[in-house]
Structures are given as C-alpha cells and as structure tokens.
1. Can you find a residue in the range B:29-48 that is within 14 Å of chain A (Cβ to nearest Cβ) and in a loop (DSSP other than H, G, I, E, B)?
2. Among what's in the range B:49-89 and is assigned to a helix (DSSP H, G or I) and acidic (Asp, Glu), pick the residue that is nearest to the chain's Cα centre (by Cα).
3. For the range A:156-184, which residues satisfy the criterion of being in a loop (DSSP other than H, G, I, E, B) and either among the hydroxyl-bearing types (Ser, Thr, Tyr) or surrounded by 13 or more Cβ atoms within 10 Å (Cβ to Cβ) (or both)?
4. Does the range B:15-28 hold any residues that are at the interface with chain A (Cβ under 7 Å from one of its Cβ atoms) and of a type in the set (Gly, Ala, Ser), and which are they?
5. Only one of B:87, B:100 is modelled with pLDDT of 95 or more and more than 23 Å from residue B:187 (Cβ to Cβ). Can you tell me which?
6. Can you pull out every residue in the range A:264-296 that is touching a residue at least 24 places away in the same chain (Cβ under 8 Å), more than 8 Å from chain B (Cβ to nearest Cβ) and assigned to a helix (DSSP H, G or I)?
7. Of the residues A:334, A:328, only one is more than 9 Å from chain B (Cβ to nearest Cβ), within 9 Å of the chain's Cα centre (by Cα) and among the hydrophobic types (A, V, I, L, M, F, W, C); which?
8. Which residue is nearest to the other protein chains (Cβ to nearest Cβ), if the candidates are limited to the range A:219-253 and must be part of a loop (DSSP other than H, G, I, E, B) and within 24 Å of residue A:343 (Cβ to Cβ)?
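The values are calculated or read from the model by the stated rules, or taken from the named source; none is laboratory data. No experiment lies behind these values; they were computed from the predicted model shown. Every residue, glycine as well, gets a Cβ built from its backbone with ideal geometry; the counts of neighbours run over all protein chains shown.
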Amino acid sequence: MSTATPLQVPLRSPGKYDHLVRPDGLVHRSIYTDPEIFKEEMTKVFGGIWVYLCHEAELPKPYDFKLITVGRRPTIVTRSAEGKIVAVLNRCSHRGSPVCLTERGNAKRFSCPYHGWTFENTGELVDVSFPDGYGPSFDLKTRNLGRFPRVESYRGYVFGSLNPDIMSLTEWLAPARELLDWTLDRDEIGSAGVRVVKGTEFYLHANWKQQNDNNTDGYHSKFVHASTVVMNRRRYGPGKWMSHISDQTQMLSMYLGNGHKAQDQRPEANSPWKQARPVPGRETAGRAIIAKVGEAAAERFLNLTGRAGINLVIYPNLFIRGNGNFAVYEPVAVGRTNVHNYSTLLADAPEEMNTLRLRFDEDIPNLVSRDDNAIMQRVQDCLETVPEMEWLDLSRGFVRQTIHGNGAMTSNKTDDTANRGGYFYWRDLMNRDVTLSVV
Amino acid sequence: MTDLADPGVNPVTGKEGKGTAEGEEVLALDSTVYEELKAAAIAAKSRSGSTDLLGAEKEKLDAFLYREARLLDGRRYRDWASLLTADFVYWIPGGVDTVDPRVEGAINFDDRRRILDRITLMETKLQWAQVPPSRTCRVVTNVEAFAGSPGTVHVRSNIVIWEYRERRRQSFVGWQEHELLTAAEPWRIRRKLIWLIDCDQPQGNNTFIL
C-alpha cells in the first residue's frame, strides 16, 4: 500500500535542481524567490510545455482577439479567417513595439503605432510604410509576428507551446483526463454551446507556485479559513461546505502526472446546491428554475452551481474548480502573480442557473480566497528575507501515500502528496534543456 | 429533492440546524431587480446635467456621505449595516462598460445577506486578511445629487480610499452612486454602485467593504 522509498517518477532527469527539490519533499526557498530561476521558468515551464491560453468561447468569430501574456510575453490570441485559433507575439518585427493596444476586440489587421507596419491578425506582415527605403529584396514573409508553433485545444480549452517538439496536447493532458472529463461532462446538457465570461481578478505579492500549491493544499482549510468555518456555522448552521474540517476523511490529495494534480473533495461534497452558502438571489433563482423545468430536472441544474467537488490543477497555470469555474495564473515577476477567474455559462440551461453561477463564482474569491492571499503574501515576504532558514517542508503524507503504476500518487486530502508530486515534475522539467522557437 | 429552504445535513457529522441568518428578510433578486440595476447603472454613467439639489438639501446629503465614510473608516460595520434597506445591493462592476451583473462576474456583488456574512467574517477575529484590520481613510468629494422617484435621491461622488495594511499602502479610486431613501428619517441606503478606475484589472487583496 504505502511506501517510504524515494519516488521514481517517469522521465527522471538529474540536474542542478536536484539540490533544490529533495526526494523526501523538502523544497528550497529560492525556487520562490530567485529571479534567475523565475527567468528560467519563463522558458522551461511557461513556454516549453503546454500553457493554457484562453477558452474557445472567448473568441467566437473569425478575427476576434484577446491579449494575454505567456510567461510574461505579450501575446495576441486570435481566430483566423478560417476559424483556427492562433497565438502570435504582440511585438512588432520591426523595432519591438506592441502592435495591438486593445485588450479585446475584432480586427482583421493590426497596424503598428510606431512606424505603421501592418500585419494580418494572424501575424503575417502585409505592408510596410514608404517601402522604397527597403529595396526590392526586402522579404515581408520573413518578418511576420512570431507565432506559437503549437496551439491545440481540448473541449474548448486552448493551450499553446513555444516548444515545437512538445507531445500532443491529448498526451500531455492524459493523466488528468478522467477528472477533467468528469468536471466537463457535468455540464453536457445539450450542444448549444457555452459563454465564458470574466470574473474576479486579483494580483498577489507572491510567486505563482504558491498559488499553484494553494489550490491542492488540503491541510490549511481549517486554519486559514477558520473565519469562514465559524461564519458558516453561525449564519447557516452545520450543513454548509467548510462547516466541518478534519483529517478523518475520504477526500484525497492526488498527484496525477505531467505536473497535473487534484484534490478530490467528492466524498464530502455530495450536494453542491445544499452545501452552498446562500448567494444573492438563491431562493428567487431556485424557484424560477423549478417553475421552468419542474422539480425533478431542477435538482440537476441547481447542483451545477456551487462547489462541484474537484480542485484540479492543469499544470502550470489552469485551475479548474468545476461547475464552470476556472482560474488562470499569470506570472508577472518572481514575487508577483495575477489570478484571473472565469465563469462558464451554458446556452441551453435556464438563465437563472447561469446567474447563480456568476454569484457563486464571486463567493469564494471574496469570502474565502482573501485569507489565502494574505497568507501567501506574508509567506513570500518571509521567504525573500530569511536566507538562513532554507527549506519548505512538503513531506506530509510521505509515510502513507500510495504510488500507482504510472507514477501517480494519492493520499489523505490533508497531505502534501499532490504538491510534492508537482515539485518532482518541476524539478525534472527545469533540469532539462529545451529550445523554444517561433514560426 | 429541491427544498430551497433546506440548510442541509453535514455529510460527515450528520448534524443539521439553522443559523442566525434564518428569518432575515432577503432581497428577492429576480429579473425585474436585475433590469432595475442595469437601468440604474446606465443612468449613473450617462448623467449629463448638473446637480439637481443645492443649498441646505445638498449639504444634508454631503453630511450623510461623510458620516457613512466615518462609520466605515471606523470599522463600525453594524452601525453602517443599520443604514441599509432590506433590498440593499452593493455592486462593484468588474468592467468599465459593464452595466448588467448577469453579463460577467463582479469585483463585488452583495445583497444585505452577503454583506452580513462579510461583517460576521470580520467579527470572528479569525479572518487573517484583516488581522490586523486595515486602516482606511475615505476621501469623498465631487458630490452631486440627482432627483429620483419620489422619496429617492441618487447621489454621485468621487471616492479615494487609502488603505494601510502590513507595511503597504494602496488606494482604491473611482466614483460611486448611492441610491438613498430620504422620505423618512433615518435615511437609508438602497443601492451602492462603485466604479473603480481599474475595475477591469486585477485588484489587490480587497478585504474590506468599500
């Protein structure tokens, strides 16, 4: 069942990061604080593997575009005339100015504000101002905006990579596929489509990996969220999610593979609707849904709001909470990260259900995450300023974890097993060289 | 089944029971209310005339806003909450052009029940994001008042809130519109809508009621 021998993960790559991530789960502070390591991550992690870019539903029409960053690189994600999603770097091939200054929109072409060079939305250079200065051998085709060599999507989630040799997205997602499908299958009421809309967004004075850890840390809830536990019981009684927290639980901490990890809360999250703290409009919207579809069908819709029961991290930057809610991490600096929340609204569900989703997706960031954020920021301060205490201890659960045949690991929800696995993966990723390129 | 009032049974402890929120009058947030909010947001963003009220009436509105700011800076949240109507809505849109809270998630969208949840959170003294509590200073200026339906005034003001916490200062800047019921004493707040200048950007850890 459990083992205390050092973990052998697939694709083990020895290298200098072996000193910073130990087999017993101790992790060196510098991986959260060293700007040189951060810089290397922007290549090896946020470029060298698959990185979540956007959802297909955010770019419904040809020429729709959105600005994001990928490992700090300003990037335009856009749909081609033929309907394919493309990612190009928002950096003029001429002298380095961003060519697109609007965060979202629809445009066939971008004209650089600096010298007027004009590009198709998919990055091809089509016109330079006053071309006589360049002569007849000036080849526009070699001066396109840098384009991501790989962009693939899975069930609406679009990923990109600057590594032309990365495995297919399907292979990459394989260890997380079952849970990802589980969260998405819940929403499959019909085929009319989804809308993905922005939710709350915040920045943290903390390294991106702290947020990445937090989503699959099941040890902290009782303590960090003590105020939420007390408030829930005081205001709503003992039946709400997070009114009772202990380690005597069937919930699991799971390292899946390829950096993906999860917290399986389904053993205790058996009724999303009943366990949800009331949001504005709960009763009114609930009655409206029942009136529209009848009691029997209404229960399914009501349970598509609230907590689905899975915290799933698709490495490195996508966090899926289920019931349409997901968050994207954006590394800004070694000690600064943006977090963008999104809600998924279903075209063929009662509108009141979608509205409940929006209201519920405001609940956790505002009533729960505030305390996570405060803790992470204080941790970052300590890690940056205390070199003499070098290690963070992510060993919890080492003595009782189960290691599965494919390298996946599971143990009690309060253990560090998910995050420990994530760091072994990170270590091996950082130990390997990778060559990135644009096309 | 779908008993909407059923608070549920804890699946681990088997305990059930209700809390202090039981019996509170709750905003019936339906499409009519959402359409009203949308209309209020559109009206707030498109006011072109100057203030309807001047003189003594206007000064009374100034005084109300200054007192609200003083209560919030003093963290006297229960006193502030007593100014709210049962159908109070507090909305900080998450987009510059957003006028409908059904279009996207807000920075904050709270009815009086969720406001009381947040106040209860702070009162537990276990909310680590507010331990120690933020020190704030609200600067309320550019107050303009627009007549609404009988007994209602829409008060627009600019707001700058400075927050100090844990060796950092940050500011929240924007404009707000209060919908006040002024037909009877004490005046009550029915709506509070705040447009921050950076509402469509990632926010710092906003942990208190603006």
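1. Looking for residues that are within 14 Å of chain A (Cβ to nearest Cβ) and in a loop (DSSP other than H, G, I, E, B), one finds at least one in the range B:29-48, hence yes.
2. The extreme case among them is B:68.
3. Result: A:156, A:162, A:163, A:164, A:166, A:167, A:168.
4. B:17, B:19, B:21, B:28
5. B:100
6. Answer for the range A:264-296, where residues must be touching a residue at least 24 places away in the same chain (Cβ under 8 Å), more than 8 Å from chain B (Cβ to nearest Cβ) and assigned to a helix (DSSP H, G or I): A:272, A:289, A:292, A:293.
7. Testing whether each residue is more than 9 Å from chain B (Cβ to nearest Cβ), within 9 Å of the chain's Cα centre (by Cα) and among the hydrophobic types (A, V, I, L, M, F, W, C) leaves just A:328.
8. Here the answer is A:240.
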